[in-house]
Amino acid sequence: MNKITIEEEIRIPRQEKEVYRTLRTNLEFTGLENRVIAMTSVSPGDGKTTVSYHLALAFAESGRRTLLVDADLRKSVLLRRLSIRESVKGLSHYLSGQENVGDVIYSTNKKNLFVMPSGVFPTNPTELLGNERFSQLMPVLKNTFDYIVIDTPPLGYVIDAAVVAKVADGTVLVLSAGASYRAEAKSVAEQLKTANSNLLGVVLNKVDVHRGTYYGRYGKYGEYGEY
């Protein structure tokens, strides 16, 4: 297994790491069966990739062998955000049959944290994510990793996240505080329901801590009111 170095451009203040530990704990209490967790959002810029990375890191820091899968096969920003400069192959190479799964998983300089990059951007991302190679991949990965966090594109823009949600154990929806998209958020939740996804909860991201609101509050969907 090859190794890549994370220089971690995605930084948060030390005190806010406790928020991700709380999120990790809440997800653990949803049940041992929820080990493959898809992350989605309504819009680009909601902070979904940042939340995905820090959640995966929180699992890894607790001693869980964790894989962060970049399933945004359209406009991934994960490698750039983590300052990974190596030329790496990834999920699209595996789904298209060009590489074996072991060739697209990389260990990192973060203990217990592994990464599967997106790979090259294909012309048919939805079809690739919907093929049997992806659905058959999850049971294989669960034999190796304790938790698998899958970063997906915003479901408010493309359907890919709903396709991924079908094979995940549960989904977390990331919302940006102050964004005026109640109708869109409700639509995303309905799409996940239609996909038979287990909506584990919502992360309210980008909260202004100086206004006295707890950063990254996490809870069941209904705790934020009806959209």
- prompt: Quick one: would you say L68 is surrounded by 22 or more Cβ atoms within 10 Å (Cβ to Cβ), in contact with a helix residue (DSSP H, G or I) (Cβ under 8 Å, 6 or more places away or on another chain) and in a loop (DSSP other than H, G, I, E, B)?
  reply: no
message: When you check K75 against the structure, is it out of contact with any Ser or Thr (no Cβ under 6 Å at 6 or more places or on another chain), closer than 30 Å to A183 by Cα and surrounded by fewer than 23 Cβ atoms within 10 Å (Cβ to Cβ), yes or no?
response: yes
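Residue by residue, here is whether (1) within 23 Å of S62 (Cβ to Cβ); (2) in contact (Cβ under 8 Å) with a residue 60 or more places away in the chain; (3) under 15 Å from the mean Cα position of the chain (by Cα) holds:
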| position | (1), (2), (3) |
| --- | --- |
| L95 | no, no, no |
| K110 | yes, yes, no |
| M116 | yes, no, yes |
| S135 | no, no, no |
| M138 | yes, yes, yes |
| V149 | yes, yes, yes |
- prompt: Looking at the range 3-60, which of its residues are without any contact (Cβ under 8 Å) to a residue 12 or more places away in the chain and on the phi > 0 side of the Ramachandran plot?
  reply: G31
task: Among residues belonging to the range 151-178 that are more than 13 Å from the chain's Cα centre (by Cα) and in a strand (DSSP E or B), point out the one that is surrounded by the most Cβ atoms within 10 Å (Cβ to Cβ).
output: L175
statement: Picked from the range 50-62 (must be in contact with a strand residue (DSSP E or B) (Cβ under 9 Å, 6 or more places away or on another chain) and surrounded by fewer than 23 Cβ atoms within 10 Å (Cβ to Cβ)), the residue farthest from P153 (Cα to Cα) is E61
query: Within the set of pairs 6 or more residues apart or between chains, which connect a residue that is polar (S, T, N, Q) inside the range 76-93 to a residue that is not in a helix (DSSP H, G or I) with Cβ atoms less than 6 Å apart?
result: S76/D70; S76/S118; S83/E7; S83/E9; S92/L73; S92/G119; S92/V120; S92/P122
task: Would you be able to tell me the number of residues in the range 72-100 that are modelled with pLDDT of 95 or more, more than 18 Å from M39 (Cα to Cα) and among the aliphatic types (A, V, I, L, M)?
output: 1
- request: Being among the β-branched types (V, I, T) and at pLDDT below 95 is the filter here, so list the residues in the range 102-125 that pass it.
  value: T108, V120, T123
- line: Of the listed residues (L57, L79), the one being out of contact with any helix residue (DSSP H, G or I) (no Cβ under 7 Å at 6 or more places or on another chain), under 25 Å from T22 (Cα atoms) and assigned to a helix (DSSP H, G or I) is L57
query: Taking T123, is it free of Cβ contacts under 8 Å to residues at least 12 places away in the same chain and of a type in the set (V, I, T)?
result: yes
task: Could you list, in sequence order, all residues of the range 94-109 that are surrounded by 15 or more Cβ atoms within 10 Å (Cβ to Cβ) and of a type in the set (S, T, Y)?
output: Y94, S96, Y106, T108
field: In the range 78-93, residue nearest to the chain's Cα centre (by Cα) [restricted to those that are surrounded by 15 or more Cβ atoms within 10 Å (Cβ to Cβ) and either over 14 Å from E7 (Cα atoms) or of a type in the set (S, T, N, Q) (or both)]
entry: L91
field: So T40, is it under 10 Å from the mean Cα position of the chain (by Cα), among the polar types (S, T, N, Q) and within 23 Å of F134 (Cα to Cα)
entry: yes
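The values are calculated or read from the model by the stated rules, or taken from the named source; none is laboratory data. Because the structure is predicted, anything quoted here is derived from the model rather than measured. Here the Cβ is made from the backbone with ideal geometry for all residues, glycine too, and neighbour counts use every protein chain on show.
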